[in-house]
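One structure below.
Laboratory data are not the source of any read-out in this text; all were calculated from the coordinates shown. Remember, predicted model here, so these are calculated numbers, not experimental data. Methodologically, a virtual Cβ is constructed for each residue, glycine included, from the backbone with ideal geometry; neighbour enumeration extends over all protein chains shown.
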Amino acid sequence: MTVKVTERNGVWHVPLSASHSPYQEVQFKRGREGFNYGVLIVDSEKFIALYDNNSDSITPIDKASEWSESKRNEICAFLDPSAGPCEMPRVSFSWNEARSWRSLWRAKQLPDLCFGNGRHRSRYLHYAGASCFPVEVGLDGIESLRAICGVTP
């Protein structure tokens, strides 16, 4: 995958589908710079698939295509680059051990993706045709998340 996300002066520019209106780009800035978080560009499809299959206790947000039109319009207005860059999604990632009757002796490793913020933004970016986008990730989980859904520049 070709990374189309660019960073200029601390602002990440994320292209959207040419058919997305009223704009074709979203701008993000960091919210946790210097607080043990790094920026990772993630593949939109793989990241959303990981989120959909997550073992986190928080109920996943529906796909943006299933939202009401007013809710989609709200997020669209929030992300409008004419208002300036907004904070990029922030996540932490780790592995949890799960045991079942079949695996009493061997624990199964399950990915655990937790959002600090940005669940709706991530869903909307996927809906709007972003092939990849930046997320802030806790440094303790950034390499594991990179292996699952990171994009190489």
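A few remarks follow.
- Rounded to the nearest whole Hz, the Karplus-based 3J(HN,Hα) values (6.51 cos²θ - 1.76 cosθ + 1.60, θ = phi - 60°) of the range 137-147 follow the sequence 10, x, 4, 5, x, 5, 5, 5, 5, 4, 5, with x at glycine and proline.
- Of the GluC sites (Glu not before Pro) in the range 1-79, those whose Cβ has at most 16 other Cβ within 10 Å and which sit in DSSP loop: E33
- Paramagnetic label zone (point 7 Å from Cα along Cα-to-C-beta, W95; backbone N under 18 Å) in the range 128-153: 138-150
- Counting 0.36 nm for each residue step from A49 to D62 and taking away their Cα separation leaves a gain of 3.4 nm.
- Under 5 Å, built H, 5+ apart or other chain: amide partners of F133: V42, S44
- q = 0.14, 0.25, 0.31 Å⁻¹, the range 110-153: log10 I(q)/I(0) [Debye, one scatterer per Cα]: -0.36, -1.10, -1.29
- Working value for the chain: equivalent-ellipsoid semi-axes of 28, 18, 13 Å, each the square root of 5 times a Cα gyration tensor eigenvalue, largest first.
- Alpha-carbon centroid distance for the pair the range 30-45 / the range 119-145, whole angstrom: 8 Å
- Potential lengthening between H13 and A83 on full extension [0.36 nm per residue; Cα-Cα distance subtracted]: 23.8 nm
- Fewest-first sequence of F115, F93 by Cβ atoms within 10 Å of each Cβ: F115, F93
- Here K4 is the anchor, and the lysines within straight C-alpha reach of less than 17 Å, apart from those fewer than 8 places off in the same chain, are K29, K46.
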